[in-house]
1. Would any residue of region 374-395 have its amide N under 15 Å from a label point 7 Å out along Cα→Cβ of Q18? List them or say none.
2. When only C-alpha pairs under 8 Å and at least 6 residues apart count, what is the relative contact order of the chain, in percent?
3. With +1 on each Lys and Arg Cβ and -1 on each Asp and Glu Cβ, how big is the dipole of the chain about its Cα centre, in debye rounded to the nearest 20?
4. Sort 350-362, 222-234, 368-380 by packing, meaning the average of other beta carbons within 10 Å per residue, with the highest value first.
5. Which of rounded, prolate or oblate describes region 190-333 when judged by the alpha-carbon gyration tensor and an a/c cut-off of 1.5?
6. Grab the other residues whose beta carbon is less than 12 angstrom from that of V32, score K and R as +1, D and E as -1, and report the net.
7. Taking the Cβ-Cβ separation of R34 and K441 as r and a Förster radius of 30 Å, what is the calculated FRET efficiency to the nearest 0.05?
8. Out of L77, N29, N48, whose Cα points farthest toward the positive end of the dipole of the chain (charges: +1 Lys, Arg; -1 Asp, Glu; placed on Cβ)?
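The numbers here are math on the coordinates, done by the rules we state, and not lab data. Just so we're clear, the structure is a prediction, and the values are computed from it rather than from any experiment. In this analysis, Cβ positions are derived from the backbone assuming ideal geometry, glycine residues included, and neighbour counts consider all displayed protein chains.
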Amino acid sequence: MTCILSFAPLGWGKEGIQLSSHPQLFLDNFLVSRMDNLKREIVTPVKNPANPLIVQDQPWEKRMLQIYGTVLFDTQLKKYRCWYLGCEDQGKVIDRPEGPVTVEYYQCYAESNDGIRWVKPMVGTGKFGPYEKHNVVVVGGSGFCVLKDPADPDPNKRYKGLGGNILGFSPDGVRWEIKPWKVVGKNDTSSCVVKWKGEYLAYVRNQGKWENGVMREVGLSVSKDFVNWTPKRTVFKTDQKDGYPWAQPYGMAVTPYGDQLIGIVWLIRLDQKQGNNKHGIIDETQLVVSRDGRTWNRVADRANFLKPTPSTWDKGGVWPGTTMFVKDDQVYIYYTGTQNRHGDKFNRPSIGLATLPVDRFVGLRPKDTNKEGILETVPFHFSGGDLIVNGDGDIRVEILDEKGTIIPGFERNKCRCAADGSTRHRITWEGGKTLKDVTGKSPIRLRFIVKKGTLFAFQFRNEGNK
């Protein structure tokens, strides 16, 4: 692999923008001032050969088991932890200490040491229906998302969760104090909550109307304290290119990823029959990206990111959990798969895992493979002495000043790359020059030249810091 960096001020003036040390992905055009002979291609996550990993094996899961919930890796406990949706009978009456309640859905808990082999510890408190021992930790809520918030000064609120018409706090993710969450109204699919720039953003179901009934949309409710929430408003809906009105968003899983939010939207494609608003297939997921949590842009021309595999356990439909996470240079995406279509009786819904290499959601490749592709960034300021490129093949880099002139010594033919693991490469130039040698010249630009290779991301790091 080879490298080239160049800087030229296009529309940003002399100030430039300040880039962080997080990976800079090319899901949108935020950093792009020029792109020639390059196309974005989606990277399809690889499904784990051991799938399905979590299956129906308890009586309180006999009607439903799915990840209308969360999987995360707890660095303190060194465990993978999963909160998933269970259902035994629709409208089941459960005896609770406060009196009988009618419950349709509830959240169950599972954990794993390796993310593949899962156990369901019987950590539920109190009797749940006829069961003395169980793993039900939250009663109610049709899709409960769990957020670990270690910065909260109250140790009883280090875990937060919401879904359906409830929200709650917990010291450990198992013992929950549940409160009503009325501001969102109808919200009977998977909810997702993230902490982003000092706010809690809850992505929930919203709905408009059409001739067949409710039109599914993705809504947003915002809070500063996780107690007081704004009324939800629509932030994402389908259009005619998706197949509107018969294609509708069923939910959106959102993950903070560096300086942006990455969303996975899953669509239901309804059978086009008069009066039908239920029967269809969930066979398409799209990546979307946002810098503020409100405005969402499609990625890679709406390419299908994760889809069912014919003649397998997930042939009838797939949809992701509420968040993804990175561990050991892999992006983990847990998802629900089922053998039947939406609206039919569920047939063995289960939970599986798909992964992809870190930062490799979308790659930039030459459209014409006989020619080089070029990407120039907008002018920017940076901190850190190393440039790290995530890419494959022949990639060269030049550095330009703010007027678009190559800084002497940083031409493409002087670019050198050092392997930094299987996916990332440290960039230097002839004579051992690095980014620290142009620190006083910022703002600068990078110009990436891709020949028979793929560019995924770049980032800045301090020397020797891996």
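1. Correct set: 380-384.
2. Computed over the chain, the figure is 23 percent.
3. Computed charge dipole of the chain: roughly 360 debye.
4. Order by mean packing, descending: 350-362, 368-380, 222-234.
5. Numbers: a/c = 1.99, a/b = 1.23, b/c = 1.61.
Judged from the Cα gyration tensor, region 190-333 comes out oblate (a/c at least 1.5, b/c at or above a/b).
6. +1
7. Using R0 = 30 Å, I get an efficiency of 0.90.
8. Value: N29.
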